[in-house]
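The values are calculated or read from the model by the stated rules, or taken from the named source; none is laboratory data. This structure is a prediction, so every number in the text was calculated from the model and none was measured. Ideal geometry is used to build each Cβ from the backbone, glycine not excepted, and the neighbour counts take in all protein chains shown. Only protein heavy atoms, including side chains, enter the accessible area calculation; ligands, DNA and RNA are left aside. Shrake-Rupley method; radii C 1.70, N 1.55, O 1.52, S 1.80 Å.
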Amino acid sequence: MIGTGFPVGGSFETDGPIGAIALYRVLERLGYEPIFGCAPPISKVLAGGFRTLEVPILSWAATEPVVKSALADIRPALIVSIERPGWPGRPLLQHARQDISDALAKFDLFFKRCGCPTIAVGDGGNEIGMGNVYAEVSQLNIIPSVTTATSWSSPP
């Protein structure tokens, strides 16, 4: 499962989806069955050409059963987040300092509930996975994400 799409002004940043699409296509060619997990509007765009799970924009409590059901149905072997905002308590667009909490699907819950390895890619400190380097990014003038990703060695 690949999560992407950082909401910006009713649309989304474009650096994450480009990398996510490249990863999706590589995994597909290797014989895997990737699926995007993302919220509108990016979910609507990707659904035209890719397997996509639309993660609704709901409260944390309302998202829990959605995540539980999706994990049971999909049974991902790996979850990757590419440029997905992570939860620091108040997700902000870094430069505008705009609170975007109401525009976020709670993709962090997949990382917390999955029981499989997770990988996260981000560049601003407020993305999923930045909890792994929280001590470092909290020194910056941002509100960093606390959501972590796992690390692991090659499968046995």
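What's the total number of residues in the range 71-92 that are in contact (Cβ under 8 Å) with a residue 60 or more places away in the chain and either over 15 Å from the mean Cα position of the chain (by Cα) or within 27 Å of residue 138 (Cβ to Cβ) (or both)?
Here the count works out to 10.
Test of understanding: among 32, 24, which residue is of a type in the set (Phe, Trp, Tyr) and not in a helix (DSSP H, G or I)?
32
Pairs needed: first member in the range 50-70, more than 11 Å from residue 104 (Cβ to Cβ) and open to solvent by 50 Å² or more (accessible area, probe 1.4 Å); second member anywhere, of a type in the set (Gly, Ala, Ser) and not in a loop (DSSP other than H, G, I, E, B); C-beta distance under 9 Å; at least 6 residues apart or different chains.
As it stands, the answer is 54/37; 54/43, since those pairs meet every condition given.
In the range 105-152, which residue that is among the acidic types (Asp, Glu) and part of a helix (DSSP H, G or I) is farthest from residue 63 (Cα to Cα)?
At the first step, the residues of the range 105-152 found to be among the acidic types (Asp, Glu) are 108, 123, 127, 136.
So of that shortlist, the ones also part of a helix (DSSP H, G or I) come out as 108, 136.
Working: 108: 10, 136: 30 Å.
The selected residue is 136.
Take the residues in the range 74-109 that are of a type in the set (Asp, Glu) and touching a strand residue (DSSP E or B) at 6+ places or on another chain (Cβ under 9 Å); name whichever of them is modelled with the lowest pLDDT.
Per the stated criteria, the residue is 99.
Looking for something open to solvent by less than 50 Å² (accessible area, probe 1.4 Å) and within 14 Å of residue 81 (Cβ to Cβ) - is there at least one such residue anywhere in the range 28-35?
Checking the range 28-35: at least one residue is open to solvent by less than 50 Å² (accessible area, probe 1.4 Å) and within 14 Å of residue 81 (Cβ to Cβ).
So in the range 110-124, with the set limited to residues that are open to solvent by less than 40 Å² (accessible area, probe 1.4 Å) and at pLDDT below 90, which one is farthest from the chain's Cα centre (by Cα)?
Top of the filtered list is 124.
Residue 24 passes all but one of (1) open to solvent by 40 Å² or more (accessible area, probe 1.4 Å); (2) in contact with a Pro (Cβ under 6 Å, 6 or more places away or on another chain); which number fails?
Evaluating residue 24 over (1) open to solvent by 40 Å² or more (accessible area, probe 1.4 Å); (2) in contact with a Pro (Cβ under 6 Å, 6 or more places away or on another chain) leaves (1) as the failure.
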